[in-house]
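Below you'll find the structure, written out as structure tokens, and then a few comments.
The values are calculated or read from the model by the stated rules, or taken from the named source; none is laboratory data. All values derive from a computational prediction rather than experimental measurement. All Cβ positions, even for glycine, are placed from backbone atoms using ideal geometry, and neighbour counts span all protein chains on display. In case anyone asks, the SASA skips ligands and DNA or RNA and just uses the protein heavy atoms, side chains included. Shrake-Rupley method; radii C 1.70, N 1.55, O 1.52, S 1.80 Å.
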Amino acid sequence: MYRMGQEELDAMKRAMDTKQLFRGNEIAAFEHELAEVIGTKHALAVSGGTGALIAAMVGAGIGPGDEVIVPGYTFMATAMAVLATGAIPVLAECDETCTIDVEDVEKKITKYTKAVAPVHICGFPANLDGLKALADKYGILIIEDACQADGGSYKGQRLGSIGDAGAFSFNFFKVISFGEGGGVVTNNDKIYERALIYHDGGAAFRPYAGELHEPVFCGTQLRVGELFGAFMRVQLTRMDGILNDLRAVKKLIMSALSGVEGIAFAPSHDIEGDCGTTLPFRFATEEKARDFAAKISGTVNGWLPIDSGKHVYYNWDPVIAQRGGHCDAVNPYLMPQNANLNLTKYDKNSLPKTNDILSRTVYISLNPDWDINKINEIVDACKAAVK
Ligand SMILES: *Cc1c(COP(=O)(O)O)cnc(C)c1O
């Protein structure tokens, strides 16, 4: 979370004054505004990004018997969401941008592949043109995990709006936030209705649930209340300002460092569209990356994505152990419907290209409110580190 203030307090007071905190006008307005900003027909507010991914996947009809291809570099939630539907996550390598590698995705497509879930990790858009070509060729769906990329875009379209459905997170560590929260966006009526049914315990509380075209099934409870709606409506109005300022900081640092010997940046599938939350340095060796991170650490935290815990596939402990559910009967790895699927047992060496790229990358997490002095200090520290 980057910014919050009096406007959020005023909005929450407005909601409290109605003495009606259950899902109502504020949430309805937030969903309408989110759909409008992202450029989709539908949006659904939910209680978290993981829930948003599960609702989107359930909405898309993903379940037992299906494989969903996910990148080896993402928060574990992407793979857990696949398992929550009863499907099997199949891991793919990352490309030089640290997002899912389209060539490796194609190698991993089987007759069981139902979808690919690209992750716009650290605000960097995945190669959506490449994935769309595969989706058309093989008839698979694209569920965008845009949890780290609220408001980012790819070739002029907002992330989340390009695949069949998209999931956002509004937890504390994301671009806009209510501490916890999430959103599902889609242009597809069927995915929307099924996600709605799933998120509201079988459409229990929707006055117009009787008008749904999809048969109602049992779901879970991912609804959010009016304080969330009031707060997030203000956050949404801050989003483009936050992104503009992050991108400006990124641009200033990158241009000040361009041409400096020993400094190179990782490529991007859309450098204008990426959120600017993260500045990606790329080195020839892990040793050089670690040396650079150590040398700038007095000024700014530089971190290697290979060290980012539950964001690296071999640290997804319950997934790696194939404990995919709370008991054997609901563990997708043990379900008879999944017996013929790709049940690869992953370990530390399963995705060597991903390991290599993540070990030679140094990220600096940017702040939209850094002033020119802070930016200059960072630039100087980076120059000194490669001297
Ligand atoms: C944060 C995050 C999620 C999950 O979001 P929650 O709101 O914490 O459930 C999913 N995927 C990625 C890539 C994330 O960074």
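For region 327-368 and region 1-29, compute the distance between their C-alpha centroids and round to whole Å. Their Cα centres are 38 Å away from one another. Here the 3J(HN,Hα) profile of region 88-97, calculated from phi with Karplus coefficients 6.51, -1.76 and 1.60 at θ = phi - 60°, is 10, x, 10, 8, 10, 5, 9, 8, 5, 8 Hz, Gly and Pro shown as x.
Summing +1 for each Lys or Arg and -1 for each Asp or Glu among the other residues whose beta-carbon sits under 14 angstrom from that of ASP371 gives -2. Rounded to the nearest Hz, the phi-derived 3J(HN,Hα) couplings of region 131-147 under the Karplus curve 6.51 cos²θ - 1.76 cosθ + 1.60 (θ = phi - 60°) are 5, 5, 4, 5, 4, 5, 5, 10, x, 10, 8, 10, 10, 7, 8, 9, 4, where x marks glycine and proline. In the chain, helices alone account for a calculated mean residue ellipticity at 222 nm of -11500 deg cm²/dmol, with every DSSP H run of four or more residues adding -39,500 (n - 2.57). Distance between the pseudo-spin-label points of ASN331 and THR110 (7 Å out from Cα toward the beta carbon): 1.9 nm. Compared with the direct C-alpha span, the chain from LEU9 to ALA248 gains 83.2 nm at full extension, assuming 0.36 nm per residue.
Note on the chain: GNM, Cα springs under 10 Å; of HIS42, HIS213, HIS32, the largest mean-square fluctuation is that of HIS213. For region 127-212, the share of accessible area belonging to carbon and sulfur comes to 51 percent (1.4 Å probe, ligands and nucleic acids excluded). Note on region 149-271: Lys pairs 8 or more places apart or on different chains, Cα atoms under 21 Å apart, count 4.
For region 1-149, lysine pairs separated by 8 or more sequence positions, or belonging to different chains, with Cα-Cα distances below 29 Å total 11.
Packing, taken as the mean count of other beta carbons within 10 Å per residue, orders the peptides 87-99, 224-236 from highest to lowest as 87-99, 224-236.
Would you mind counting up the charge near GLU7? Only other residues with Cβ under 13 Å from its Cβ, with Lys and Arg at +1 and Asp and Glu at -1.
+3
Sparse packing (at most 13 other Cβ atoms within 10 Å of the Cβ) combined with a DSSP loop state is found for the following trypsin sites (Lys or Arg not before Pro) in region 2-31: LYS19. You can think of it this way: the chain between ASN171 and GLU214 has 12.5 nm of extra reach, that is 0.36 nm per residue less the Cα-Cα gap.
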